Every structure is written in C-alpha cells, then in structure tokens.
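Asks: The structure is given below, and queries will be raised subsequently.
The values are calculated or read from the model by the stated rules, or taken from the named source; none is laboratory data. From a predicted model like this one, the values you see are computed outputs, not experimental measurements. With ideal geometry, Cβ positions are generated from the backbone for all residues, glycine too; neighbour counts draw on all protein chains shown.
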Amino acid sequence: MYEVIIGLEVHVELSTDSKIWCGCSTDFGAEANTQVCPVCLGLPGTLPVLNEKALEYAVKAGLALGCEIAHFTKFDRKNYFYPDLPKAYQISQYDLPLCRNGAVEFEVNGETRRVRIARVHLEEEAGKTVHSGDNIMGSEYSLVDYNRGGIPLIEIVTEPDIRSPEEARLFMEKLRTILLYTGVSDCKMQEGSLRCDANISLRPFGEAKLGERTEVKNLNSFRALQRALEYEVRRQSALLDAGEPVERDTRHWNEQQGVTISMRSKEDAQDYRYFPDPDLVPVTLTAEQIETWRSELPELPDQKAARFMEQFGLPKYDAQVLTASKEVAAFFEATVERFGEPKTVSNWVMGEILRLIKEMEIDIEQEPIPISPEGLAELLALVSKGTISNNVGKEVLETMFKTGKSAAEIVKEQGLEQISDTGELEALVDQVIAENPGPVEDVKSGKEKAIGFLVGQVMKASRGKANPQRVNEILRQRLLGS
C-alpha cells in the first residue's frame, strides 16, 4: 500500500475586458486570430503595459485564499519554444510572486481538510493550439489561434497536501466556488478559463521521502481530474509493486481511452532560464491599496455558511449546500426575507429547486433560476395555509419552472385546492374502507402501519387533493374510535 501525494497547479483566466499587456479584447469565441495586435503577437519593437484591473483581480483572488500580498513584486521571462508562444517566452513571475501562504478548507467524508496555497502569481495566457486529431499525440498537424494569447492569468500552486484523487476534485470544486464569489473569473472549464495540472507521486506509508512524481497536464473538468489521478495511482502502484522506477515525466490525459500518455520529460525551473523582464518596471503596492481591495471583497462561502448557521439556525450541512453556489445562496436568502421559516425554505431549495435545476440542465451561473424568490414564497404560503398539500406543492413548483406561471394561477387553473371539507373527506374515507377490507382488518387488529396505506388510497382517489392530516384523523375515528 502506498500513500498518494498530490499537488495542483491551477490556471485561472481573469475576467478583464482587455488583455494583460495590451488593449485587445478577451471575448471568447471570436474568429481565430481576430483579437490580436503587435503587442500580443510579440512583434519586434513593441512594449507591454500592465493592465491594472488584472493586478487588482489577482490580489483579490489571493486575499480570498487567505494569502499574504507582496508589497514589492516583479515580472519575469519564462523562456521556452512552443508555437502558441510567439515571443518564445512567457511573461510570468518567478521568485517574487504576488501572493503567498494561503489555504483552502473543504469537507471530505464529514472531516475538514486544509490544503495550503504556496503561491499565486500573475502571468499571460498562451495562444491555443488546435489539433487535427483528438489530441496532440494523434494529430497530423496543428493550427494556432493567438486570440487567447495575452489574456491575464493567475496560477495557483498548492503544497503537496492532497491525499487522494477525490480530495483533488473536492479541492477544485471549493476553489472554483471561492473564485466565482469574488467575481475575478467566470471559471468556465468548458472554455478553458479554469484548468489545472496535477503532480502526483506515491510512497510507502511511513516514509518521509517523496516518490518520483509525474505531471498530468491541462485537466479541464472535475471528472477528468479525478479519473486521470485514479489512473496514475494504479499505474504507479503497478510499477512500484514490480520493482520498477516511476519515470519523472509530463503526461497527457486521454479521456476516450481513460489513460495518461507520456509526452516529454519533466522540466526543472532552470530549464526555463527565468530572468526579470527588462520591459516592465517592478510593482509596488501600498498597505492602503491592498486594504481597499480587501474591503471590496464580497462575503465568501465559508463566511456566508457560518452566518446562515448563526442567523437562520441552519444545520452545517444545509449551510454548506446552500452556499456552494452564490446564486442559490442569494435565492435562499431572498426567499426567507419574504416567507420566513428558514428551515422550510432550505428544505425546498435543497430538495426541489436543486433537483429541478439539475433535471432541466439549467446553468444558473449564466441564466436565472426559472422562478423568483417571490414565486417560491407564494407557493410555500399556499402549502403552509393548507390551500394545497405538500406533494401538490411539488407538482405546482415543477409547472412553475416549465411555464413561468405563478403558483396561484396554476392552482386555480388545475383545481388543485386541498380538500379539507369534513363531509367530502368522510365520503372518500368510507369508499376506501369499503374497497380495502384486508388493510382495514389489519388496522383493527393493531397493525397501525396499515393506516398509511389507507391514507395513500384516499390521496390517490382525491388526486392528491385531500388533506392527509384530516384523512388520518377520520380513519382513526372510523376504525379505532380514537
């Protein structure tokens, strides 16, 4: 058995309107090579100028991750030759990163795990290589789109604190939530604005020395991250069990085949020949500027969850589920303002609202939840007053999602008002008693669980409109005299 050691390098494109060194647009999806200029194409004689908004967003990301912010930092040239890098170097940061020593906490099987953030640095994005095949390894040729080149990027580097592929996925999910709350990035993994490289090694339990690591590049989904690392655990375990060494290399994840494939030997820092970029002056940040940006941060997920527990009396689980999305958290809080009863609202949001969002494949980060907080509050009021039953309320909610109609409209149009009239309920109960002699005898002989079956038959006969509490009372009166 081996201990799994994982560290991540997470790349996050920042949501600025223009690129980090020039005024070119950062809009996604434009025709190839139409959002470029001499600066981001690296033509001779051009000079970069730092986008202050990119600096602000990078600092805010660092603050949200609990990092120390450097008062003095600089940019460096990272030299390597690749077609998507027209200058043959990337402007990045080496020995003086913008942010250091942060941490992210998240839950794993009910336990809190803490992963340290070694550094967050600011750099430029490279262009995008478009391969003729499914991946670089199986392609006859590749084309390069430089639209992405020069988009501001932060790289978040963790310490090797992650101990399983599942933890790696959960860390990434929590990190994405934090960044979305800050608004510094849209974190659209399908568009490449959030992706990561994973470093993984194995060592026998009890040993202090780290094993030889491999790096899996450009993992752009939570599923790919976990599956690629699970494969590496199996591959490296088999090598070590056979007495063979793990080669230090950079690997590509093949989603279709479910395997990692070696691309090249792993580079060391000296291979990149870092040196300070002579075209960019160092950056000096004052304590006042850093505190101004800190004050502009919104309430972050852990802070919001703690407040929900204290202010609304919610269990920890509820608070964590509701705050995993800032849109869901805002929807919950707005509904409570209109209806009250936080636990009732929490149950409906976590149960029915999130279920419908998933079933209908609604991306709530890009489009609104189909009903408003006012709409849900109105529906809950109808259930609370007994106008409709809880189960009918769930059906009404689904219709609200699909049609945009109000709860009151749907209840009126479909005649869904709950039946509470004693005479009408007694007639339904008598009918069910007559049609189900077996369960009736079970109840009379002391098997009270059979009452639930009879209540269900009354609800079925009334198309869900009977008041289940009154039905239960009438059944007991008829069969048990109580």
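Asks: Given the condition loosely packed, with under 13 Cβ neighbours inside 10 Å and either in a helix (DSSP H, G or I) or out of contact with any helix residue (DSSP H, G or I) (no Cβ under 8 Å at 6 or more places or on another chain) (or both), answer yes or no: does some residue in the stretch 378-385 qualify?
Replies: yes
Asks: May I pose another question? Quick one: how many residues across the stretch 121-142 are under 24 Å from TRP253 (Cβ atoms), surrounded by 13 or more Cβ atoms within 10 Å (Cβ to Cβ) and either at pLDDT 95 or above or not β-branched (Val, Ile, Thr) (or both)?
Replies: Number of matching residues: 9.
Asks: Among the residues that make up the stretch 396-419, is at least one of them at pLDDT below 80, within 25 Å of VAL471 (Cα to Cα) and polar (S, T, N, Q)?
Replies: yes
Asks: Pairs only if they're at least six apart or on different chains, beta carbon under 9 angstrom, first in the stretch 340-368 and farther than 21 Å from ASP318 by Cα, second among the acidic types (Asp, Glu) and surrounded by 12 or more Cβ atoms within 10 Å (Cβ to Cβ); list them, first residue then second.
Replies: What qualifies is GLN366/ASP186; PRO368/GLU327.
Asks: Additional query: Restricting to the stretch 146-176, count the residues that are in contact with a Ser or Thr (Cβ under 7 Å, 6 or more places away or on another chain) and outside any loop (DSSP other than H, G, I, E, B).
Replies: Summing the residues that are in contact with a Ser or Thr (Cβ under 7 Å, 6 or more places away or on another chain) and outside any loop (DSSP other than H, G, I, E, B) in the stretch 146-176 gives 1.
Asks: Right, something else. I'm checking my understanding of the structure. Among residues of the stretch 433-482 that are assigned to a loop (DSSP other than H, G, I, E, B) and touching a residue at least 60 places away in the same chain (Cβ under 8 Å), which one is farthest from ASN391 (Cα to Cα)?
Replies: Ranking the qualifying residues of the stretch 433-482, first place goes to ASN467.
Asks: So the check is Cβ under 6 Å with 6+ separation or different chains; which pairs have a first residue in the stretch 182-209 that's in the same structural domain as MET263 (by TED's automatic domain parsing) and in a helix (DSSP H, G or I) and a second one that's surrounded by 20 or more Cβ atoms within 10 Å (Cβ to Cβ) and not aromatic (Phe, Trp, Tyr)?
Replies: Matching pairs, first to second residue: THR182/LYS60; THR182/ALA64.
Asks: Among the candidates GLU56, GLU31, which residue alone is of a type in the set (D, E, K, R) and either under 20 Å from ARG100 (Cβ atoms) or not assigned by TED's automatic domain parsing to the domain that holds THR182 (or both)?
Replies: After ruling out the rest, the residue left standing is GLU56.
Asks: Among LEU50, LEU8, LEU55, LEU41, which is the only one that is over 28 Å from ILE200 (Cβ atoms), outside any loop (DSSP other than H, G, I, E, B) and touching a residue at least 24 places away in the same chain (Cβ under 8 Å)?
Replies: The unique qualifying residue is LEU55.
Asks: If we keep just the residues of the stretch 224-249 that are surrounded by fewer than 17 Cβ atoms within 10 Å (Cβ to Cβ) and farther than 17 Å from ILE5 by Cβ, which is nearest to the chain's Cα centre (by Cα)?
Replies: Checking each candidate, the answer is ALA238.
Asks: So which residues in the stretch 265-308 are within 32 Å of the chain's Cα centre (by Cα) and at positive phi?
Replies: none
Asks: Would you mention how many residues in the stretch 310-329 are assigned to a helix (DSSP H, G or I) and surrounded by 15 or more Cβ atoms within 10 Å (Cβ to Cβ)?
Replies: 11
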